[in-house]
Structure formats: C-alpha cells, structure tokens
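The values are calculated or read from the model by the stated rules, or taken from the named source; none is laboratory data. Not measured: the values here are computed from a predicted model. Neighbour counts are summed over all protein chains in view; Cβ atoms, including those assigned to glycine, are modelled from backbone coordinates with ideal geometry.
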Amino acid sequence: MLAPTPAAPTPSGFDAFHAAWKPFLDVLAELRRMGSYPYLEHAVVGPGPWIEVGGERLLNFGSNDYLALARDPRVIEGAAEATRRYGVGSSGSALYGGLTPLHGVLEERLAALTRQERAIVFPSGYQGNVGVITALVGRGDTVLLDRADHASIVDACTMAGAAIRLFHHNDLDHLDRRLATATGRRLVVVESFYSMDGDGPDLRRVCEVAERHGAMVMVDEAHSFGICAPDGGGAVVEQGLSERVAVVFGTLSKALGGQGGFVAGNAQLIDHLQHTSHGYIFTTAIAPPLVGAAVAALDVLAAEPERIARLWALTRRFQAALRAAGCDLRASRHPITPIFVPPGDDSAAMIVFQTTRALRVARIWALPVLPPVVPREDVRIRFRLRADLSEALLANAVDAIVAAGRATGMIRPAASAA
C-alpha cells in the first residue's frame, strides 16, 4: 500500500515576517558573499587604542571609550573589589533589596557631578531612557523630539502612548512652532550631542523655547557626560543650565568605560521615578561590579581631568586635518566624527563599504552607518576618538583615511582643494 502523500507544510508565523524582510536579508547575504559585511565580529579591545578583530590588530576608531577608562587597571580593580564584597549580581530590583551601599555612593557622585539634587542608576542606557519617559508622560501628552533623537527615546514615547511631534534636526524655530500647537503636558527631549552626527543644539535656546510654552526639558547626555565641562559634568553643566533642565540623562558606558544609565534631577523627580518607572522597578538592579567600576572611573576622572582636555585637542586636530583634505564632516564638533559620501552619488553604500575595506587594509577600525540606522542619502563612516591616541598615530590615521577616501570617491578631487 502506498504511503499517503504528506500535506504541504503550513507557513509558520516567522515565514511571513521573513518574506517582509527578504529584500533587507538579501542585501546582508550579498554583503557576506562579497566579504564586505563589517558587523558583529568578535573583538578583543586594547590595551591602548588598539582592537583585535579576526586576528588583526587595528587602530580603534569604533569605540565609545572616549577617556580610555574601560581597561584602566584602577577601574578594573574597582569592579573586582565590588565583586568580592557584594557578588556578581544584585539579586533583586532596586525597590526590593537590590541596592548596596555602593549604589548609594555612585548615585551621590553622579548627582554632585551633574549639579542635581539626586540621581538613580539603571542597568542600561536604553532602559533608562525608556524608564524615565514612560514614567513622565502618557496618553494626552505631547513629546517634542528632534528627528535625530536616539531610538530608545522614540521607543519610550511610543510605549508611553504620548503624541510624538518631530522637529527638524537642531531647528529650534521649528520646535517653537511645534510647541505652539502641542496639547497636554509637554516634554522636549534633545541630545546634547547626537551619536550619528557629532553635532548638537543650542541648549540655552532649547530651554528658552520650552519655557515660553510651559514645557519641561530633558537632555540626553550620553555622549557628553564625562567629557564636557572641566570636571566632566556634561554639557548642561558646561552651559550653566542645571537649574533649567528638569531631567538629565547620562550613561556609564561611554566616557566612564563601563555599563549602565542614570537619571539626575530634583528630589521630587527621583522620588517619582523610583516608585513609578517600570524600567527601574521591574528589573534587577545594576550589578555591583558595574557600580564599582563606575565609582572607580569617577575617581580617575577627578584625579586626571587632563584626559578631557586631551580628547578635545585631538578632536580639533583630527577634524581640521580631514576638513582641509576635503572630507565632508557636516557640523560635527565632537569626538564623534562622521565622514559622509558626497551628495548625489547613487552608489554611496558601495563607496562606504569599499572605503571601510581600504581602511581595514590600512589597519584602521571604523564602521559604516547605513539604513535603516540613517536615511539612504546620509550613509557615512563614523570615527570616534580616544584620549590615549598619540599625535603620531592620529597623523598616520588621517593620511590613511584621506588616501582611502580619494581612492574610492568618498572624497572628491574637486573638494580636496577647498
């Protein structure tokens, strides 16, 4: 007797999702086939401004470790000592027994550095932004966002159910017009420096516009805390706006070299967040080793503020040399230094990949930024500087970047004379 013919398989739920994403996944497959896929490689960072990727030792321009603290022996020992004393995990949420005395030390230090009354710490920056915004606004409220605001900020507003009104990047006249017709409680969220562009708004004018409409201001200092102001207090401190910005958000994972996020503000704000923020209440508190590392990093920063000055001096030298060679950096004025493909080039993505490969051959580690992270017309290679780069390494890197860019068309010959 013949076996029955098996029924045709029923497409799974994932198959339907896969079909929707197939064009994107096909692009990834083609990049891998060409040997041009640059992401998700296992890497060993340091020591110094170096990274080992695929067995190659490369100069690291792909790190947020601006002050070179992630592998500092004192920071490592801070994490080790916290582990020996408190263990590897907090074993509970912050509200229910997950906080150690060391958490309190860190929060007091962060509040003092940002010139705010109090601070609380979240396990990650993404979680911090989500936890804060969802606790502050909801349905019937309006959040005004710069179009370049981080994905965690946009996601938080969506979760909160608040109306989202976007304004043009760093266009505060547009923010003013948007606020004039906003309803409910109004929250303006900007970043002091934007992670993809290396630019930022006039924070004083942000406050002026918001105050004129009775809106509250939140500033994401992820890329400025630790490196702005002589002591690292951030751009809000540097510009004397600590009493006008209601919510200061920062991370422990960039300038401090560790991991985690924090929010600083007045006592009433922090009380509110500690008892209403789901991102704070319904998760295990940040682990003691990370807290110990952050406290130690703050100690190093207090003892060696010259790291900040050196980082900015290197940034000015790097960007001036690249601009003189014809690189399009747009408005970047931060250690985040993107180089854009000249406008109007239909093969921009391919140019970016070719340039990235050429830089890899030159032993330089920097990654391309492509859609959906940025619009198609804004593809770029993003470089991030570190305070432990020597002048000689920086000069050699500039030469290699310019040579690669001219060879691939990322720097046009006509622009090089500008």
Selection count where residues are β-branched (Val, Ile, Thr) and closer than 13 Å to Arg363 by Cα, scope the stretch 34-63 | 2
Count, please, the residues in the stretch 334-348 that happen to be crowded, with 18+ Cβ neighbours inside 10 Å and either under 14 Å from Ala404 (Cα atoms) or small (Gly, Ala, Ser) (or both).
-> 4
If we scan the stretch 321-333, do we find a residue that is buried (at least 21 other Cβ atoms within 10 Å of the Cβ), charged (D, E, K, R) and under 18 Å from Ala235 (Cα atoms)?
-> no
What are the pairs, 6+ residues apart or on separate chains, where a residue within the stretch 394-406 that is over 12 Å from Phe318 (Cα atoms) has its Cβ under 6 Å from a residue that is small (Gly, Ala, Ser)?
-> Ala400/Ala362; Ala404/Ala358
Can you tell me which residues in the stretch 370-394 are part of a helix (DSSP H, G or I) and over 12 Å from Leu322 (Cβ atoms)?
-> Arg376, Glu377, Asp378, Glu391, Ala392, Leu393
What single numbered condition from (1) in contact (Cβ under 8 Å) with a residue 24 or more places away in the chain; (2) outside the structural domain of Ala135 (by TED's automatic domain parsing) fails to hold for Arg316?
-> (1)
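To keep it simple, each residue is scored yes or no on (1) out of contact with any Gly (no Cβ under 7 Å at 6 or more places or on another chain); (2) closer than 18 Å to Ser224 by Cβ.
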{"residue": "Gly261", "(1), (2)": "no, yes"}
{"residue": "Leu269", "(1), (2)": "yes, no"}
{"residue": "Gln274", "(1), (2)": "yes, no"}
{"residue": "Ile286", "(1), (2)": "no, no"}
{"residue": "Ala294", "(1), (2)": "no, yes"}
{"residue": "Leu311", "(1), (2)": "yes, yes"}
Yes/no for Val75 being surrounded by fewer than 20 Cβ atoms within 10 Å (Cβ to Cβ) and within 27 Å of the chain's Cα centre (by Cα) | no
Does Leu58 satisfy the criteria of being in contact with a strand residue (DSSP E or B) (Cβ under 9 Å, 6 or more places away or on another chain), surrounded by 13 or more Cβ atoms within 10 Å (Cβ to Cβ) and not in a loop (DSSP other than H, G, I, E, B)?
-> yes
Quick one: which of Ala112, Ala82 is over 20 Å from Pro288 (Cα atoms), assigned to a helix (DSSP H, G or I) and modelled with pLDDT of 95 or more?
-> Ala112
Of all the residues that make up the stretch 290-308, how many are in contact (Cβ under 8 Å) with a residue 40 or more places away in the chain, surrounded by fewer than 17 Cβ atoms within 10 Å (Cβ to Cβ) and in a helix (DSSP H, G or I)?
-> 2
Looking at the stretch 269-289, which of its residues are out of contact with any helix residue (DSSP H, G or I) (no Cβ under 8 Å at 6 or more places or on another chain) and in a helix (DSSP H, G or I)?
-> Leu269, Ile270, Asp271
What is the residue count in the stretch 121-134 for residues that are assigned to a loop (DSSP other than H, G, I, E, B) and not small (Gly, Ala, Ser)?
-> 1
Which of the residues that make up the stretch 1-48 are surrounded by 10 or more Cβ atoms within 10 Å (Cβ to Cβ), modelled with pLDDT under 70 and of a type in the set (Ser, Thr, Tyr)?
-> Ser36
Looking only at the stretch 177-188, decide whether some residue is under 24 Å from the mean Cα position of the chain (by Cα) and either crowded, with 18+ Cβ neighbours inside 10 Å or closer than 19 Å to Val295 by Cβ (or both).
-> yes
Only one of Ile164, Ile227 is within 22 Å of the chain's Cα centre (by Cα), β-branched (Val, Ile, Thr) and surrounded by fewer than 20 Cβ atoms within 10 Å (Cβ to Cβ), namely Ile164
Any idea which residue in the stretch 243-267 is nearest to the chain's Cα centre (by Cα), counting only those that are surrounded by fewer than 21 Cβ atoms within 10 Å (Cβ to Cβ) and farther than 25 Å from Cys207 by Cα?
-> Ser253
So which residues in the stretch 220-256 are basic (Lys, Arg) and more than 17 Å from Trp312 (Cα to Cα), if there are any at all?
-> Arg244
